[in-house]
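First comes the structure, then the notes that go with it.
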Amino acid sequence: MDNICICISELLLAIYATISSSITRPDGAVGVDRTFNLGNVFVTALVYKHYRLVKEDTKDHPIFIGPILLHKDASYKTYFTFFYHLASEFKINSLMLRIPDELVFGSDDEKAITNAIRNAFPSATKLLCTKHLKDTLKHYLQNKIKKGTKSWTAFLGRTT
């Protein structure tokens, strides 16, 4: 496969081992999102919240960037190559890294991403982002409910 670049390091794999309890809890999912408008290249990044650290100023847990995929298309094959590579790295290093099989991934409902995660990490839990779900619902209902009615306000007024 050409036109992809996977950015990951041994250090990053070691960091995933230290936060393995964070990435197996539903509120600690590994976030997956593809960016747009970066010229001819898409960037898909994994992010996670590090529950062993706390920021002094906000008292919240910091968000770190994980492995990154640079790619030319958003096909299932591209995403599967990325996630399969990560799964292979995690399995190869599983004794040393102690990365559990029960990873939790959160993303939008992009089928190529969700299917690639499902096939590369079959035991992982997949969560959908509530913002994207609300946007999808709003887009769907805009054509079904007459604007300005009580139903419009009840359903679409709350999703913004």
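The values are calculated or read from the model by the stated rules, or taken from the named source; none is laboratory data. In this text, all values refer to a predicted model and were calculated from it rather than measured experimentally. A quick note on method: Cβ atoms are made from the backbone with ideal geometry, for glycine too, and the neighbour counts reach across all protein chains shown.
A few notes on this one:
- Long-range neighbours under 9 Å by Cβ, at least six apart or interchain, first residue farther than 20 Å from Ile117 by Cβ and assigned by TED's automatic domain parsing to the domain that holds Ser107 within the range 128-144, second in a helix (DSSP H, G or I) and among the polar types (S, T, N, Q): none
- Residue check for Gly66: small (Gly, Ala, Ser), surrounded by 13 or more Cβ atoms within 10 Å (Cβ to Cβ), touching a Phe, Trp or Tyr at 6+ places or on another chain (Cβ under 8 Å) and at pLDDT 85 or above: no
Listed here are the residues, each with its yes/no results for (1) modelled with pLDDT of 85 or more; (2) over 13 Å from the mean Cα position of the chain (by Cα).
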position: Gly28; (1), (2): no, no
position: Arg34; (1), (2): yes, no
position: Arg52; (1), (2): no, yes
position: Thr58; (1), (2): yes, yes
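- The residue of the range 100-154 that is farthest from the chain's Cα centre (by Cα), among those that are over 19 Å from Ala45 (Cβ atoms) and small (Gly, Ala, Ser), is Gly148.
- Single unsatisfied condition, Pro122 versus (1) exposed (fewer than 14 other Cβ atoms within 10 Å of the Cβ); (2) under 22 Å from Lys91 (Cβ atoms); (3) at pLDDT below 80: (3)
- Checking Val47, Val54 one by one, the residue that is part of a loop (DSSP other than H, G, I, E, B) and free of Cβ contacts under 8 Å to residues at least 24 places away in the same chain is Val54 and no other.
- Residue selected from the range 126-141 under the condition part of a helix (DSSP H, G or I) and surrounded by 13 or more Cβ atoms within 10 Å (Cβ to Cβ), by the criterion modelled with the lowest pLDDT: His132
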